[in-house]
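Read through the structure below, which is laid out as structure tokens, and then see the notes.
Here, each number is a calculation from the coordinates, and none is a lab measurement. Just so you know, these numbers come straight off a predicted model, no measurement behind them. Cβ placement follows ideal geometry from the backbone for every residue including glycine, while neighbour counts extend to all protein chains displayed.
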Amino acid sequence: MRQSRRTVALAGAVAAVVVGMSGCSSDDGNGGGGAPEAAGAEQTAADFLTAWADGDTEAAAALTDDPEAAAAALTEFAEGAGVSELSATPGPATGADGAATEVPFEVTARVTYEDDASDWLYDSALTVVRQAADGDGDEGSDGDEAEDGGESVRIRWSPEILHPRLTEGRTLEVGPGAGPPPVTALDRNGDALDPDEHPTLKPLLEQLAAAHGEQAGGSPGAELRLTGGTADTDAEGNDDDNSEDGEGGDAEDGDEVLLQLAEPTRGEVPTTIDPELQRIAEKTLEDSDRSALVAIQPSTGAILAVVNNPGDDENIALEGRLAPGSTWKIITAGMLIDAGLADPAAPHPCPKKFEFEDWPFQNLDEFEIKGGTFTQSFAASCNTAFISAAPELEDDQLTRYAERVFGIGLEWDTGVEAMTGYLAEESKAQMAAQLIGQASVRANPLVMASVSATVKDGTFRQPFLVPPSFDDRELVTADGPSDGTAAQLRALMATTAAAGTAAEAMAGVEGDVGAKTGSAEVFEQKKPNAWFTAYRDDLAVAAVVRESGHGGKFAGPLVAEVLRSAGGAGDD
């Protein structure tokens, strides 16, 4: 597979120059400074084209009015374009403008890159002018000395002579096609994922080509392209050089493909997407604007569905950086249980308000639970039940726990770009706010689906979209919760799904289920971001609906519908 571009020098080029002698006289009759006669112009043009085709850069450059610039451009053309053979056939000289005579010509070249080669045909032209001879006398082709002495016939140098689109600042380059080899993404059943059928996956499928094109068995093809500058277009906005061989195509970053030596070939990249579950998730979110959802298989970590609505917006599902609100309390609860600061069955305070480091915290609508247990506080999403533990915690305790147990912030190699959660080390009120998923805490549906999957399975399994066996990459590991803590977290989430803030959304979702709601306040947003994460048997799902409201009302029905409709989706 090609890894980089290389240059191919002009070697053994054979000229096939046919001089057209039918041009009209263009002598202005003033004996100097005017346009050369047609015959002289054609001869000078023929000599230049012959030297160029023969690879005699010095001789060709000497026939121009700027030999140094011409020599550099001719050398760069031969090497950059990968031209191995070239012939140039001039046409008859055309009418002069009083000072110059134009000679059109046709180029036929053979362009080679590694094992690929193609013929390159295009038209160009050069301009022949008179110029004063230097003091040493001009040396050039036969007949390039003006008969009246003191002047010589020269080609007015311009890089466009070599190709009409080779304007100043642009260079020719032969090599593999721009970008990675194209790929076809396969679902978990080995069938092609059609981006038209799953439009929300288009950004991910493009990432797969960039990330795995080299391993996928495809090829970027080979092409000759102009780089740098801006391609010219005609008055109607069309390419101004569309010759019969199909050159003149557009390419990314302002580059322009002049010749396709070999078409790209597609490789195949396997994914873990479950096509049926993906369709369910897409349909579920189609009427919910500014939403994103991820589904994961807890027993493996395989990502089964990814949806962003709108699909052409940023990839919130995998790359979003949003405060997760109270869904984060799953992680905080695990930390408090492990630290002996909470026991699901024991009484736990849930006052209306709790002040920490001069910062007041309160529950939604200032509710309170008198004499309740930690399970009740968790199910009701009592903020103060968590904030009240802040005085007993170290500043970095939650950060360390989230990374060690749930893999938050580790470098998950999912196969595509992903943000794996973040929380900075905070102190005082900001540290307390982190306990309820605010302050510097950042997550996305991928992260929160992974949290639910870790609780359900009892083991942290790094999520992945491309199976690690495809490219032999290693997945990161984390400790996961202890068996006892995992069991208690499952019980907390089950109670929330049955009788807590998630109960209304989860009604009718049968099986081994658990859930947690979240509503994250965002500065200068009128409404909070709605969050919901849940599991059913071997399927964990999380969703966010930005600037909508309460998680149980706006994100919960989306997650529940996917869980309810999935049936056996995700099962091996």
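Numbers for the structure displayed
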{"item": "Residues whose placed amide H lies under 5 Å from that of T265, excluding near-sequence neighbours", "result": "S219, G221"}
{"item": "Ranked packing of 444-450, 507-513, most packed first, by mean Cβ within 10 Å", "result": "444-450, 507-513"}
{"item": "In segment 181-230, GluC sites (Glu not before Pro) in a DSSP loop with at most 11 other beta-carbon atoms within 10 Å", "result": "none"}
{"item": "E286-D194 FRET efficiency (beta carbon distance; Förster radius 22 Å; 0.05 resolution)", "result": "0.80"}
{"item": "Sequence-distant residues sharing a close amide H with A185 (under 5 Å, placed H)", "result": "L193, V269"}
{"item": "FRET efficiency estimate (nearest 0.05) - Cβ-Cβ, R266 to K428, R0 45 angstrom", "result": "0.20"}
{"item": "A210 versus A491: modelled label distance in nm, points set 7 Å from Cα along the beta carbon direction", "result": "4.7 nm"}
{"item": "Karplus-derived 3J(HN,Hα), 6.51/-1.76/1.60, for each residue of segment 428-439, Hz, glycine and proline x", "result": "6, 5, 5, 5, 5, 5, 5, 5, 10, x, 10, 6"}
{"item": "Taking K516, K527 and counting other C-beta atoms within 10 Å, the order from fewest to most", "result": "K527, K516"}
{"item": "Gain on full stretching of the segment that runs from D56 to T167 - 0.36 nm per residue minus C-alpha separation", "result": "37.7 nm"}
{"item": "Label-to-label distance, nm, for residues given as E411 and T75 (7 Å Cα→Cβ offset)", "result": "4.2 nm"}
{"item": "Gap separating the Cα centres of segment 391-448 and segment 503-519, nearest whole Å", "result": "24 Å"}
{"item": "Stretch gain in nm, segment A345-A125, where the contour uses 0.36 nm per residue and the Cα spacing is subtracted", "result": "70.3 nm"}
{"item": "Distance in nm between pseudo-label sites at R400 and F470 (7 Å out along the Cβ direction from Cα)", "result": "3.8 nm"}
{"item": "Dipole moment magnitude, nearest 20 debye, segment 275-566 about Cα centre, only Lys, Arg, Asp, Glu C-beta charged", "result": "740 debye"}
{"item": "Backbone HN-Hα couplings from phi across segment 333-347 [Karplus 6.51/-1.76/1.60, Hz, Gly and Pro as x]", "result": "4, x, 5, 5, 5, 5, 7, x, 9, 8, 9, x, 8, 8, x"}
{"item": "Calculated FRET efficiency for the pair V522/E114, C-beta based, R₀ 60 Å, to 0.05", "result": "0.70"}
{"item": "Neighbour-count ranking [beta-carbon atoms within 10 angstrom, fewest first] of D365, D274, D116, D313", "result": "D365, D313, D116, D274"}
